[in-house]
Amino acid sequence: MLYNTVQHRWPRIVLAVVGSFIYAVGINYFITPAGLYTGGFLGVGQIIRTLLVTNLGLDFGGVDIAGLIYFALNIPVYLLAFRSISGHFGLKSLLCTVCNTVFLSVLVPPSEPILYDVLAASILGGVIAGVGIGLMLYDGGSSGGTDILGVFLMKKFPGISVGRAN
C-alpha cells in the first residue's frame, strides 16, 4: 500500500525528509541523552563532538555539531556513490544526509534523558532511528556513510546484502 502511495516524485521526497526527521528524533532524544553513541559515521561524529566539547571546552551554542561533522565525513562517500552506484542514488542519499544534518543539528538533545533506563532508551531509540533509515532506504536513498558503502559492496559483490555488509 505504501508503495502505491509514493509512486510520484514529491511524495517520495517528503517520505525521505520524514524518514530523516524520525531518524534524528531517535538519535537525539533517546540515544544521545542516555550517554550512548551510534555506529558508523554519525558515531564518529558524536565522538569528535564529545572530544571538542569536553577536552577543548568549545561551546557551539544551541547547535549539535555532530550532524555537521557527520556531513563532512560523508563527502568522500558521496563521490563513491555518484561514480560507482548511480547519480539517482547519490542525489537521494545527499538529500537524506542534508536533512539528517539539519535535523541532527537543530533538534538538540535534552539535558535530561527521556528514559533513564539505558537499555530501554537504546531499544526505543534504535527502533525509531531504524524506522527512519528504513523510510530513507525505501525511498531509494540512504542515510549516508556505511549505508552507501553497503550498497556499493552489494552492487560489486551480488551475494552480499546491505545489512550483511554493514
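The values are calculated or read from the model by the stated rules, or taken from the named source; none is laboratory data. Small disclaimer: the values here were computed from a predicted structure and weren't measured. Cβ sites come from the backbone with ideal geometry, for glycine too, and all protein chains shown count toward neighbours. Heavy atoms of the whole protein, side chains included, go into the accessibility calculation; ligands, DNA and RNA do not. Shrake-Rupley method; radii C 1.70, N 1.55, O 1.52, S 1.80 Å.
Observations on the model:
- The residues of region 123-161 that are free of Cβ contacts under 8 Å to residues at least 40 places away in the same chain and within 17 Å of C96 (Cα to Cα), listed by number, are L137, G150.
- With respect to the conditions (1) farther than 20 Å from P33 by Cβ; (2) in contact with a helix residue (DSSP H, G or I) (Cβ under 6 Å, 6 or more places away or on another chain), L137 falls short on a single one, namely (2).
- Complete set of residues in region 109-160 that are more than 21 Å from F71 (Cα to Cα), open to solvent by less than 60 Å² (accessible area, probe 1.4 Å) and among the polar types (S, T, N, Q): S122
- If you go through region 66-83 and keep only what is out of contact with any Lys or Arg (no Cβ under 7 Å at 6 or more places or on another chain) and open to solvent by 20 Å² or more (accessible area, probe 1.4 Å), you end up with L68, F71, A72, L73, I75, P76, L79, L80, F82, R83.
- The residue that is least open to solvent (accessible area, probe 1.4 Å), counting only those in region 37-57 that are outside any helix (DSSP H, G or I) and closer than 15 Å to T146 by Cβ, is T38.
- Residue within region 7-19 that is free of Cβ contacts under 8 Å to residues at least 24 places away in the same chain, of a type outside the set (S, T, Y) and not in a helix (DSSP H, G or I) present: yes
- Test for V63: is it farther than 23 Å from K92 by Cα, touching a Ser or Thr at 6+ places or on another chain (Cβ under 6 Å) and either modelled with pLDDT under 90 or not aromatic (F, W, Y) (or both): yes
- Flag if A81 is closer than 22 Å to V127 by Cα and touching a Ser or Thr at 6+ places or on another chain (Cβ under 9 Å): no
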